[in-house]
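The structure appears below as structure tokens.
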Amino acid sequence: MIGAVTEALSRALALLVGDPQADRAVPPTGFTARLTIFTAGAMAFLAVFAIALSLATGRLADRWSAELARTATLRISAPADQADAQIRAALTVLDQTPGVASARALTDDEERALLEPWFGPDLPLASLPIPQLIEIVETAEGYDPIGLRARLQAEVPGAVLDDHTRWRTPLVAAANRLRSLGWVALLLIAGATAAMITLAAQSALSANAQVIRVMRLVGARDTYIARAFVRRFTLRAALGAAIGSALGVLAVMALPDGGDAGGFLTGLGFQGAGWLVPLLIPPLAAIVAFFATRAAALRTLRSQA
């Protein structure tokens, strides 16, 4: 175990230090260098937003599921002279229903607060036929919605039970699907990065075929030559990814705060330890570049032999 770790550290150090003789086969500047850095930076920038989207939608799905899973709403529409009697009857039924932890009628101020985002703060509730809402909180075991609806229909004709299942399930499913699409986007970004770096490495190898031929004449092996290309392209990818990740994090930090009225925008971005996740992008980009360049270099060198 210790020997394997030591060997891995020595290889990593050799990758960082490099070999001046082998490095002559790789142009330090030029089109391929700029392309590698730009590609890694752009993909890292996009990866930051894909990760932020995945984490944010995951939190959104968890919050929707937790907040709505054990709540329901009873809506009572009745003439003004019968409203109070139906509310009392509905509360009595709910108090006697197994699985209902609590039930209470919302006050006028609470209903006004619910309608304020759509109709403004000066909504005249007294002059509008707005139904009375009763908030229901379930126990851990839950209640039987079919049985409760049947009893309410018999005893409180103006009551309509909404257990939020009809619209909660699609919302949670959509958030989970969006989170999955974020991770799929990360895989596509990694694949596109590998493809672009492969093309850049092949272009650099073809452009320096004469230098590689001379190095072979003096005894250099393909693995020795390939190591130089792998080192240069891995470091370039890591540098570009670091720059792109930093810019992506700054862009996420600059996103406007949705606040209490932000709705869907509330919670987008990173939170807590999630801010550390973008730090993984540069080393992951370096790993992708390492294997992509190594495969491309060895394949191209064999074809030039």
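Numbers at a glance
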{"item": "Filtered residues of region 194-232 (kept if closer than 14 Å to Ala295 by Cβ and surrounded by fewer than 19 Cβ atoms within 10 Å (Cβ to Cβ))", "result": "Ala195, Leu199, Gln202, Asp222, Thr223"}
{"item": "Near pairs, Cβ below 6 angstrom, 6+ apart or cross-chain, from region 158-171 (assigned to a loop (DSSP other than H, G, I, E, B)) to any residue that is surrounded by 14 or more Cβ atoms within 10 Å (Cβ to Cβ) and modelled with pLDDT of 70 or more", "result": "Gly158/Ile76; Gly158/Ser77; Gly158/Ala78; Gly158/Gln86; Asp163/Ala72; Asp163/Pro145"}
{"item": "Ala89 being in contact with an Asp or Glu (Cβ under 6 Å, 6 or more places away or on another chain), farther than 30 Å from Gly274 by Cβ and at pLDDT 80 or above", "result": "yes"}
{"item": "Residue within region 71-80 that is in a loop (DSSP other than H, G, I, E, B) and either in contact (Cβ under 8 Å) with a residue 24 or more places away in the chain or among the polar types (S, T, N, Q) (or both) present", "result": "yes"}
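The values are calculated or read from the model by the stated rules, or taken from the named source; none is laboratory data. Values in this document were obtained by computation on a predicted structure and should not be read as measured data. Positions of Cβ are generated from backbone atoms using ideal geometry, with glycine treated the same way; all protein chains shown enter the neighbour counts.
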